[in-house]
Amino acid sequence: MDRVFTDSPSAPRSALIAGATGLTGGFLLDMLLEETLYQDVKALVRRPLDRQHPKLTVVVADYDRLAESPDAFQVDDVFCCLGTTIKAAGSQAAFRKVDLEYVVTLARLARAAGARRFLLVSSIGANAATSNFYLSVKGAAEEAVEACGYPELHVFRPGPLTGPRRENRPGERVGILFTRLLTPILAGRLRRFRPIHAQKVAAGMVGAALSGGAGRHVYTFDDIVRLAR
């Protein structure tokens, strides 16, 4: 029997989260499991997740062969928190695979299965046309996901993310510290570059999914803070 998808904002929903073991994804998974509107939450992971919950289904999959896990994509809402660094990935090509290829494959498969909302963590400054490799990949991912034709696309462009990371990222910590020192002068249009806690980004994603709104929406610092409330 085919799944029946509904546009009613108050109808029970199912969700898929990619990147549930990451900084933002970890907070997001907790929130989705607590949110009463979501009755089924799937976590798409590379390795078994040490987590149990009545609403949680852990889908262990090879991201290079996502099409082999078709049942994972039969959901209403997709939350994508995939992301790495060039240093952690080992090369620009490996970084591109995670932050662009995996993201786009996820979006295409879920849309083909009937998903209606896609919520993507991108980056402040994302622009496919920029000469900055990192930001160009983020921008290309945004454009490719938009081309999938989701009725609702919510793109989050936070500044430096803060919070308890599992992996060691000394360069990123230095960048966050430097940005924090500049925070008092990051006013007006510069506010969007302010550091933001990953928990707040996760809360903003849930807020955007629940408040709804057809079309493409892009959120930066102040928007995310507002949605997180």
What order do you get for 13-25, 94-106 when each peptide is scored by the mean count of other beta carbon atoms within 10 Å, highest first?
-> 13-25, 94-106
Residue among P54, P195, P158 with the largest mean-square fluctuation in a Gaussian network model of the chain, springs linking Cα atoms under 10 Å = P54
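With only Lys, Arg, Asp and Glu charged, each at its Cβ (+1 for the first two, -1 for the last two), find how big the charge dipole of the stretch 1-117 is about the Cα centre; round to the nearest 20 debye. Each step should come with its number before you reach the end.
Numbers: 15 positive and 15 negative charges, 63 e Å.
In total the dipole reaches around 300 debye.
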D222 versus V60: modelled label distance in nm, points set 7 Å from Cα along the beta carbon direction | 4.7
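If you add up the charges near V78, with Lys and Arg at +1 and Asp and Glu at -1, over every other residue whose beta carbon is less than 10 angstrom from its beta carbon, what do you get?
Neighbour charge sum, excluding V78 itself: +2.
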Angle, helix 170-182 long axis vs. longest principal axis of the chain, Cα atoms, 0 to 90°, nearest 10?
-> 70
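Stokes-Einstein D for the stretch 43-89 at 25 °C, 0.890 mPa s, Kirkwood Rh over Cα pairs, in µm²/s? Intermediate values should be presented prior to the final figure.
Numbers: Rh = 12.4 Å.
Answer, rounded: 197 µm²/s.
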Residues of the stretch 97-141 with amide nitrogen under 12 Å from the 7 Å Cα-to-Cβ point of S69?
-> 106
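Please order H217, H53, H154 by the number of other Cβ within 10 Å, starting at the fewest.
On the way: H217 17, H53 14, H154 26.
By the 10 Å Cβ count, ascending, the order reads H53, H217, H154.
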Name the residue, out of L44, L161, L66, whose mean-square fluctuation peaks in a Gaussian network model built on the chain with Cα pairs under 10 Å.
-> L66
Once Rh for the chain is found with the Kirkwood sum over Cα pairs, what is the Stokes-Einstein diffusion coefficient at 10 °C and 1.306 mPa s, in µm²/s?
-> 89
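For the stretch 14-76, what does the convex hull of the Cα positions come to per residue, in cubic angstrom? Before the final figure, lay out each step's value.
Working: hull volume 4.9 nm³, N = 63.
Output value, Cα hull per residue: 79 Å³.
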Assertion target for K87, K200, ordered by fewest C-beta neighbours within 10 angstrom first, is K87, K200
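Any read-out appearing in this document is the output of simple, stated calculations on the displayed coordinates, not a laboratory observation. Only a predicted model underlies this, so the values are computations on that prediction, with no experimental measurement involved. Positions of Cβ are backbone-derived with ideal geometry, glycine not excepted, and every protein chain shown enters the neighbour counts.
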